[in-house]
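Below: one structure, written as structure tokens.
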Amino acid sequence: MKVSMKFLIVGTALVSTLFAGCKKEEDPTPSTSNTDGLVMIASGYTDEGGIKVNLYSTDSLYSRYTNFFVEVRDSASNTVIEDAHIELMPMMDMTTMMHSAPFENPSSTDAVNGLFPCAVVFQMPGDMGWTLNIHVHEHVNGGEGEVTFPLMVKNPDPTRTRVVTPLNDPMSRLIISYVQPMDPKVGINDFEITLHSRETMMSFPGIENYTVEIEPEMPSMGHGSPNNVNPTDAGNGHYNGKVNFTMTGLWRINLNIMDGSTVVDSTAYFEVTLQ
Amino acid sequence: MKTLAYGVFFAFSTFSAIAQKQDSILFYNKGNIIETVFDVEEILVRPSCACVGECSCAMTAEDNYSENRFSCTDAILAKNGRIELMKRGGFAFEPVLNGMASDRLNLTIDGMKIFGACTDKMDPVTSYVEPNNMKSVSVQHGSAGSMFGSSLGGSVNMETNGATINPSKPLTGEVGVGFQSAALGANALFSLNYSRARWAIRANGVYRNFQNYRSGGGKIIEFTQFEKWNGAISAKYMPTDRDVIRFDLIIDEGYNIGYAALPMDVLFAKAKIYGLTYQHYPSQVWFEKFETKVYSNTVNHSMDDTKRTNVVMHMDMPGWTKTFGGYADARMKFGKHQITARMDGYHTNARAEMTMYPNNEAPMFMLTWPDVNKLDFGLFVQDKIQFNIKRSLSFSGRIEYLNTSVIDAFGVQQAAVFNQDVSKADHRMLKNANISYMEIPGKGFSGWLTAGYAERAPSVTEQYAFYIFNAYDGFDYIGYQNVKTEKAAQGDVGFQFENKRFKARATGFYYHIYDYILGAIDSSLDAMTIGANGVKVSRNLSWAYMTGGNLELSYSPLKILTLSNTSSYTYGNTFEGDPLPLVPPFKNVSSVNWSHKRGFVQLECEAAANQPRTNPEFGERITPAYAILNARASYFFLFGKKRLTLNGGIENLLDNNYRQHLDWGGIPRPGVNGYLNVSFTF
């Protein structure tokens, strides 16, 4: 994967140098984006509109809250396009049924470092069946089209997404995903989870105004840690707080999720290991 | 100074002649202890002795109780009426002076700062020096001991023997072995001193191997075993009659030391102590002595739970301290004023780790001492005014700057969990002052009165402990960097009468302590240690006080017979009226001593009242009263100038099952214990 990325970067650089050579008078458009530390997941062309779409993430894909970075290029010139409207549609085809997943479209039509950040919560793993449809309307040349990438989503260890039946609505599902800390340290850590509700098989809106309590513990010791800050609603289904770890080793962060004073779920937890 | 030599050589009149030869302020010499009111002087004044500087003319250790060299240092200290021992196992008891333990004391070896590396205080400094390498122990109370550092309780300085330059006896030494029954213990020791005209070298060593001891009634107390050796080399060179250069090395290694009262034992405790001293005795009359020293020492300590059953989870708990420092002092005399000034400084680093190993999981690691650096500079000045032969007044003061910082970022992050920012250094100025007045109102009578102000900085544990488990109260301790400096206003008073047959000495003290540092329960925190009662965080009590005293009586109806009796009592309260934890109860030691040119026989009764004054928050239990009987005897044979000494005895003759109040874990002390030591001195 890394090798192909390097090729891509070198290739892009070469191509862009050539083109830059041809259109010296024009505005210098950045022809590369900053993909340091990112892994290319897929690359392809839209059905219409002459757009090349490169899909990056921070790692290979696991069933968890996953940050994506979409790079949009003009398929002819290969120049990076930084003004585009992008919409995602993740889909899981289980042959007998299909469902989507919680996702977050890019919040702006302006790219950040040449990339459009967005996210998908893969609530289940799958070697096959997962696809991500990306609809692009780029505002530089006006091209519009979509591309669908098949994705392979592995099961992470430890579990990073919990799908539970809410106590207050047994027909629905609550999807709880661990966002950070990705690199937990002894001391104070930013803690973030997402909460999404399965309204229909195709609609998973972020939940707002829930109350979340966290209680870290070391399962083998039975003790917790002091001065944690319960995550609070930060919009879009995200809840941010602080989690404290007093030593290395295996920690379990127990969650208690409430809608007002009604307990929605108190079974979910995430485990982290500090090395 | 000589005329002022003050004190009583107590207990064994046999040896009093030896003590009188010395220009020391002796008071109690049974265990080579020199307790002083004003000052300590352990060398002879130059003109009276052939060897300038330190010399062998009055080596009390050579002449004293041969038993002492087989005892552990702490046992010798405990013979002082104001020192008690805190016992956690069979070895390395923590000295408690005036009701205060090591955090509140200066414990120094030849004036060198050395810090134990065990977060559970398993290795008090006294465990790193052995009696056969000790010339004297000086005990100074409260701020009177501030020459050695800022402290509340006082200073205990253990002076090592050092090499002796004495060309008339080029080779001297001693070998000895001892056995004792309660722990099937064996001691072996040797010392050798080789002297030429201008230099000398001394080596000494001790090896001890003790099994689990048997308590009164016959029960074997598991995890009280220990094994250790201690070796020291000292070299002394006198380039001129007025200059002495001395180098000392002490290596102490203990292995497999059981701590019955704690959940873990000690795998090993290793100390290396280096000192280089230069002394100059100027020709000017007013300038009596100049001394400077540089030193360094390291302590490496590792705990061990592998021999314990029902260990929930194996853990490693190593700890280290590294210290270096130095001092320079000068003693001058201007008319009635004797002025001593000392500049000192040290740097020490303390780090302790804890790693637990759960099954099939990542190890759990934390820094119980987060790599703490202390940098300290002090200035001490004392002016002793000798108005006349009967009256003197002494002022002393110390000012000390201490900078403490956590150098491991991991430790800083850890502390953040408790909302503590320890990323910045902690600065403190510590001030100590003392004024002492002494008067000899009539023949045989003397008395003194001291008033002092003392400050001490919190210990590494008190400032930075991270879940250090205290097995006494069952709480995990968390330090608090901003805990306030502890302060005390102190008064010490003493009175003494002595005539040919009768000696009486009474001392009393009152220490009013402000911002007394003590762990306070924080119920919002979860204990880390499995089974612990909760978490305590260092806090300052508004005030507390500690008071007490001792009375020593001795009567010799016959020249060869002495009856003596020592009583001591300490009383401590918090401002709320609760008893301070770990305060010893009333204790009395009476003895009948029959002495002979070649030895002595002693029958001793040691008794303590019960201690009903307990601090419930500290988990203290009431300790019942006890009394035990000890019998000891000594005899030596002379072969020309060589001497073979036998000493033996039976301690706890009646095999009573007892414990002292400061003993942790309610673990009984040894039962009947017979011992026999044989030593050959040449």
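Any idea what % of Cα-Cα pairs in region B:271-392 are farther than 25 Å?
The share of Cα pairs beyond 25 Å in region B:271-392 comes to 53 percent.
Against the longest principal axis of chain A, how steep is helix A:2-22, in degrees 0 to 90 to the nearest 10, with axes from Cα atoms?
40 degrees
So how strong a dipole does the protein assembly as shown carry about its Cα centre when Lys and Arg Cβ are +1 and Asp and Glu Cβ are -1, to the nearest 20 debye? Working shown, then result.
On the way: 81 positive and 97 negative charges, 1539 e Å.
The calculated dipole for the protein assembly as shown is roughly 7400 debye.
Where the centroid of each part is defined by its Cα atoms, how far is region A:166-211 from region B:454-521 in Å?
Each part reduced to its Cα centre gives a spacing of 53 Å.
How large is the convex hull of the Cα atoms of the protein assembly as shown per residue, expressed in Å³ as a whole number? Before the final figure, lay out each step's value.
Working: hull volume 198.7 nm³, N = 957.
Taking only Cα atoms, the protein assembly as shown has a hull volume of 208 Å³ per residue.
Taking a quarter of the surface of the convex hull around the Cα atoms of region A:148-223, what do you get in nm²?
Reported value for the Cα convex hull: 7.8 nm².
Over the Cα atoms of region B:620-682, compute the convex hull volume and normalise it per residue, giving Å³.
Details: hull volume 5.9 nm³, N = 63.
Dividing the Cα hull volume of region B:620-682 by its residue count gives 94 Å³.
Could you sort A:37-45, A:187-195, B:426-434 so that the peptide with the highest average Cβ count within 10 Å comes first and the rest follow in order?
A:187-195, B:426-434, A:37-45
If r is the Cβ-Cβ distance from B:K219 to B:F586 and R0 is 35 Å, what FRET efficiency results, to the nearest 0.05?
Working: r = 27 Å, r/R0 = 0.78.
Here the calculated transfer efficiency is 0.80.
Which distance in nm do the two modelled labels at A:N254 and B:A75 give, with both placed 7 Å along the Cα-to-Cβ direction?
Once both label points are built, they end up 5.2 nm from each other.
Fewest Cβ neighbours within 10 Å first, please rank B:R82, B:R198 accordingly.
B:R198, B:R82
Of B:S181, B:N132, B:S195, which is farthest along the charge dipole of region B:98-257 in the positive direction, counting Lys and Arg as +1 and Asp and Glu as -1 at C-beta?
The residue sitting most towards the positive pole is B:S195.
From the convex hull of the Cα coordinates of chain A, what is the mean projected area in square nanometres?
Seen from a random direction, the Cα hull of chain A projects 16.3 nm² on average.
Go through region A:180-275 and name the trypsin sites (Lys or Arg not before Pro) that are in a DSSP coil and have 16 or fewer other Cβ atoms within 10 Å of their Cβ.
A:K185
Going by a ≥ b ≥ c, the root eigenvalues of the Cα gyration tensor, does region B:111-194 fall in the rounded group (a/c under 1.5), the prolate group (a/b larger than b/c) or the oblate group?
Here region B:111-194 falls in the oblate category.
Grab the alpha carbons of region A:27-96, take their convex hull, and tell me the volume per residue in Å³.
121 Å³
Between region B:599-617 and region A:40-64, how far is it from one alpha carbon centroid to the other, in angstrom?
82 Å
Quick one: which of A:135-141, B:638-644 comes out on top by average Cβ neighbours within 10 Å, and what's the full order, highest first?
Result, highest mean Cβ count within 10 Å first: A:135-141, B:638-644.
Taking the Cα atoms of region B:573-682 alone, what are Rg (to one decimal) and Dmax (as a whole number) in Å?
Taking only Cα atoms of region B:573-682, I get Rg and Dmax of 19.2, 65 Å.
Evaluate the charge dipole of region B:194-323 about its Cα centre and quote only its size in Debye, nearest 20, assuming +1 on the Cβ of each Lys and Arg and -1 on the Cβ of each Asp and Glu. Please report the intermediate quantities before stating the final value.
Numbers: 17 positive and 13 negative charges, 80 e Å.
Using only the charged Cβ atoms, the result is roughly 380 debye.
What is the Cα centroid distance between region B:364-381 and region A:145-165, reported in whole angstrom?
After rounding, the separation between the Cα centres reads 50 Å.
Within region B:351-392, find all residues whose amide N lies under 17 Å from a label point positioned 7 Å from the Cα of A:T159 along Cα-to-beta-carbon.
none
Quick one: dipole size for chain A, taken about the Cα centre, charges +1 on Lys/Arg Cβ and -1 on Asp/Glu Cβ, in debye to the nearest 20.
For this selection, approximately 860 debye.
Please state the equivalent ellipsoid semi-axes for region A:43-159: what are the square roots of 5 times the Cα gyration tensor eigenvalues, largest first, in whole Å? Could you put the intermediate results ahead of the total?
Numbers: eigenvalues 131, 44, 26 Å².
Its equivalent ellipsoid spans semi-axes of 26, 15, 11 Å.
So what is the relative contact order of chain A, in percent, for Cα pairs below 8 Å that sit 6 or more residues apart?
Once normalised by length, the contact order is 14 percent.
At 7 Å along the Cα-to-beta-carbon direction for both B:D522 and A:M124, put a label point, then send me their distance in nm to one decimal.
That separation, rounded to one decimal, is 4.6 nm.
Place the peptides A:102-114, B:658-670 in order of packing, highest mean first, counting for every residue the other Cβ atoms within 10 Å and averaging per peptide.
The packing order, highest mean first, is B:658-670, A:102-114.
Strictly greater than 41 Å: what percent of every Cα pair in chain B meets that?
Tail fraction, whole percent: 24.
Order these by the 10 Å Cβ neighbour count, fewest first: A:T200, B:T126, B:T570.
Ranked by crowding around the Cβ, least crowded first: A:T200, B:T570, B:T126.
Ignoring everything except DSSP H segments at least 4 long, calculate the 222 nm mean residue ellipticity for the protein assembly as shown; use -39,500 (n - 2.57) per segment, divide by total residues, nearest 500.
-1500 deg cm²/dmol
Could you work out, residue by residue across B:362-374, how many beta carbons of other chains sit within 10 Å of that residue's beta carbon, and then give the average as an integer? Display every interim value, and only then the final one.
Working: counts 7, 6, 12, 6, 6, 2, 0, 0, 0, 0, 0, 0, 0.
What the average comes to for B:362-374 is 3.
Could you tell me the calculated FRET efficiency between A:D190 and A:S261, based on Cβ-Cβ distance and R0 = 30 angstrom, to the nearest 0.05?
0.65
What is the list of residues in region A:61-98 whose amide nitrogen lies under 19 Å from a point 7 angstrom out from the Cα of A:A234, following Cα to Cβ?
Within reach of a label on A:A234, which here means backbone N under 19 Å from a point 7 Å along Cα→Cβ, region A:61-98 contributes A:64-69.
Based on the Cβ-Cβ distance from B:T292 to B:V175, what FRET efficiency comes out when R0 is 30 Å, to the nearest 0.05?
0.30
Would you tell me the mean number of C-beta atoms belonging to other protein chains that fall within 10 Å of each C-beta in B:409-422, as a whole number?
4
Using only atoms on other chains, find how many Cβ atoms lie within 10 Å of each Cβ of peptide B:344-357 and report the average.
The shielding value for this peptide is 1.
Please check which bits of region A:110-125 a label hung off A:V140 would reach, taking the label as a point 7 Å along Cα-to-C-beta and the cut-off as backbone N under 14 Å.
What the label zone holds, given the 14 Å backbone N cut-off, is A:110-116.
Placing +1 on the Cβ of each Lys and Arg and -1 on the Cβ of each Asp and Glu in region A:104-217, which of A:M152, A:G142, A:I176 has its Cα farthest towards the positive end of the resulting dipole?
Final value for the positive-end residue is A:M152.
When a footprinting reagent is the concern and you count Cβ atoms within 10 Å, what order do B:S150, B:S556, B:S436, A:S203 take, fewest first?
A:S203, B:S556, B:S436, B:S150
Modelling each spin label as a point 7 Å along the Cα-to-Cβ direction, I'd like the B:V678/B:V381 distance in nm, to one decimal.
Output for this residue pair reads 5.9 nm.
Where a number appears in this text, it was derived from the coordinates with a stated rule and is not lab data. Fair warning: this is a prediction, and the values are worked out from it, not measured in the lab. No Cβ is skipped: glycine too gets one built from the backbone with ideal geometry, and neighbour counts run over all protein chains shown.
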